[in-house]
Structure formats: structure tokens, C-alpha cells
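Heads up: the structure comes next, in C-alpha cells.
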Amino acid sequence: MADAGPRVIADPALFRAACDGARGAGLKIAFVPTMGALHEGHLALVDEARRRGDVVAVSIFVNPAQFGPKEDFDKYPRTLEADVAKLAARGVELVLAPEASSMYAPGHATAVRVEGLTRGLCGGKRPGHFEGVATIVLKLFNIVGPCTAVFGRKDYQQLKVIERMACDLDVPVTIIGHPTVREQGGLAMSSRNAYLSAAERDRALLLSAGLRAAHGMWARGERMIGALRRAVVASVDKAADSVDYVTAADPDTLAELLDSTVAEDRLLLAVAARVGKTRLIDNTVLGEDAPPGGEPA
Ligand code: AMP
């Protein structure tokens, strides 16, 4: 039942007390960290959390530490009221919506750095980004306490970084990865899609179309990494005003794989490109994920 809606708490200490109280009453917490501007991709994570916990906790925090100086921190969409209404309709119990000043005390001087996994893909293009992500996620985990946390495979590198961090630092949180939720036609849902004009949105479809084409080749037996990657490049080049990367990588280590090599049973293909001024990312794991936007022709 969509009742009075979630308890929306700004103070991290109060949020911690609410989570401790729920756990003390024997309830399992399932947690979804977000930056808000919620869409059906986020809400699918919330539904997954609902299935895995007795109490669903969602954080909404646009984390300044994960944005570069030239990135879109200031214009990132902030829609708290609408977000809370969407979470109420999904039966969420607890929302943490803190101010930056209560997440980063004066003199904050600590960061979490995950080596290796953060070297390539977005890590190579957004210096400091994953340090900002790992640090805020560990802080959020410390506020929420032992729980199951759901992350989207849309941000595949982020998911791998958080899994590594939780494992390496003995964080008592079980990490779940959820498949990417897409618009009809295959475009990966993203809060940043709100920046796209109608024409740009049409062009943006070519990112997932390239990944879908690679799935078709994979299904027909293609395993040469160069051929698979070039199919994505061909489609992305038609869409994008600039391309950050189209990379083939090992889905577990994220090590980049050369075009001249042959894929084993799974292969990550990941894209980051600008359509207009909007930076979009997408990925798929051949041999594991369903083709974006349905079976390829
Ligand atoms: P964000 O608000 O962009 O930081 O995303 C919060 C969480 O939602 C992250 O775990 C994202 O990977 C996930 N997410 C965002 N978009 C999608 C999507 N289209 N499908 C699945 N998960 C998503």
C-alpha cells in the first residue's frame, strides 16, 4: 500500500538510528544509493531491494566529490519532492537526503582508493571520480550498517569497484548487481537523458544499437575482439559528437583486451560518448547479458 510515504531524514545520525532500530527489531535492510532525479532504472533497483529486505532505505545525494571541476555538478537535476513521491508509490520506508555539509565535515581528509579496476574505462577519463564514489559509498554503508545494497549494471565499473571495496575492507554489506533498465528501443535510462533534445535522444539510440549488433555477431559465433568492438565503434561514431572510449575488457578484472585477441566465454563491451553536450555511458557483457533493446536482427 502506498501509505503516508517514507520517513525522509536529512541528518545522517538520525538515519543511522532509524536503521539500527529496524535491525534491532529483527528486520533486514535493503539499501539503494542514488543521486536522485529518479527514473524507472532506479525504481527497478528499489523493487529488487523490496524483494530482498523488510525495510527499504534509499539515499538521495548528489555527491560533489565524484564530479570533476568541468563536469555537471551544478546543473545535475535535483527533484527531491518528485523523487519522494515515486519512492512512496514503491513502498519505501526510509529516505536519507542529506546536505553536503553533513556528509563532509570541515577538514574532511580521507578517501578510499580502489586500485586496478579504476585505471581504465571511466577511471581513465574522470580522474578522482571513483575515489569520490568509493568514499561516499563506504560512508553511506557505515551510516546504514549491515544490509544488502543494490547497484545497477548500467554503471558496470562502479559496481565492480564497490564489490572490490566491500570485500577488501570487510564491509558487512552484500552487494547485488541489477541489469540495466532501458527505454523502448534500447537507450539506457539515465538521469542525464533529461539533458537530451529529441534529435539527440534519437542519435543516442545508436549507442545501444552498436552493443546489440555485437550481440548478433556473438550469437553467430564471432569471437574476434576487434570485429566485435569495431561494430560498436561504427554505430557510436554515427551517434556521438565525441567518443571517450569504446573498450573491450575482461568483465571481472576490467583489463582492456586487444583487438587482435579472441574472446573467451564472456566479454565486456563498454562505451562512453558525448551526444551534444551530454556524456552517456552504456555497456553489455556478451555471453551474459540480454541484448540491449531486444534480440538483434
Ligand atoms: P545514480 O543516481 O545515477 O548515481 O544511480 C544510482 C543507482 O542506480 C546506481 O547503482 C546506478 O547504476 C543505478 N542505475 C542508474 N540508471 C540505471 C539503469 N538504467 N538501469 C539500472 N540501474 C541504473
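The values are calculated or read from the model by the stated rules, or taken from the named source; none is laboratory data. Here the structure is a predicted model, which is why all the values come from computation and not from measurement. Note: ideal-geometry Cβ built from the backbone for every residue, glycine included; neighbour counts use all protein chains shown. Surface areas here come from the heavy atoms of the whole protein model, side chains and all, with no ligands, DNA or RNA. Shrake-Rupley method; radii C 1.70, N 1.55, O 1.52, S 1.80 Å.
Volume per residue of the convex hull around the Cα atoms, evaluated for the chain, comes out as 136 Å³.
Proximity of backbone amide H atoms, modeled 1.01 Å from N, is registered between THR174 and CYS147, THR148, ALA149 at under 5 Å, excluding neighbours fewer than 5 places apart on the same chain. Taking 21 Å as the straight-line reach from the Cα of LYS28, the lysines in range (excluding those fewer than 8 positions away in the same chain) are LYS139. Take each peptide in 37-44, 53-60, count the other Cβ atoms within 10 Å of every residue, and average; sorted highest first, the result is 53-60, 37-44.
Only one residue of SER197, GLY210, CYS122 has its Cα farthest out toward the positive end of the dipole of the chain, where Lys and Arg carry +1 and Asp and Glu -1 on Cβ, and that residue is SER197.
Normalising the Debye intensity of the range 127-279 to I(0), with uniform scatterers on Cα atoms only, and taking log10 at q = 0.09, 0.11, 0.19 Å⁻¹ returns -0.34, -0.51, -1.22. Of all DSSP beta bridges located in the chain, what percent are antiparallel, nearest 5? DSSP beta bridges in the chain are roughly 50 percent antiparallel. Placing +1 on each Lys and Arg Cβ and -1 on each Asp and Glu Cβ, with no other charges, gives the chain a dipole about its Cα centre of roughly 300 debye. Ordering 237-244, 83-90 by mean Cβ neighbour count within 10 Å, with the highest value first, yields 83-90, 237-244. Looking at the range 1-149, the accessible area is 47 square angstrom per residue; that uses a 1.4 Å probe and ignores ligands, DNA and RNA. Across the protein chains, with a 1.4 Å probe defining accessible surface, the residues THR261, THR135 rank THR261, THR135 from largest area downward.
Per residue, how much accessible area does the range 191-286 have with a 1.4 Å probe, in Å²? Computed with neighbouring chains in place, this is 43 Å² per residue. The alpha carbons of the range 89-152 occupy a box of 38, 31, 21 Å along the principal axes, longest dimension given first.
Here the accessible area of the chain is 52 percent carbon and sulfur, with a 1.4 angstrom probe and all protein chains present. Within the range 191-286, the ratio Rg/Rh, alpha carbon atoms throughout and Rh by Kirkwood, equals 0.99.
For PHE130, the accessible area of its heavy atoms, probed at 1.4 Å with every protein chain present, is near 20 square angstrom.
Using every pair of distinct Cα positions in the range 7-178, the Kirkwood expression returns a hydrodynamic radius of 16.3 angstrom.
Along the range 75-92 the Karplus relation, 6.51 cos²θ - 1.76 cosθ + 1.60 evaluated at θ = phi - 60°, assigns HN-Hα couplings of 9, 4, x, 10, 9, 4, 4, 5, 4, 5, 4, 5, 6, 4, 5, 9, x, 5 Hz to successive residues, with x for each Gly and Pro.
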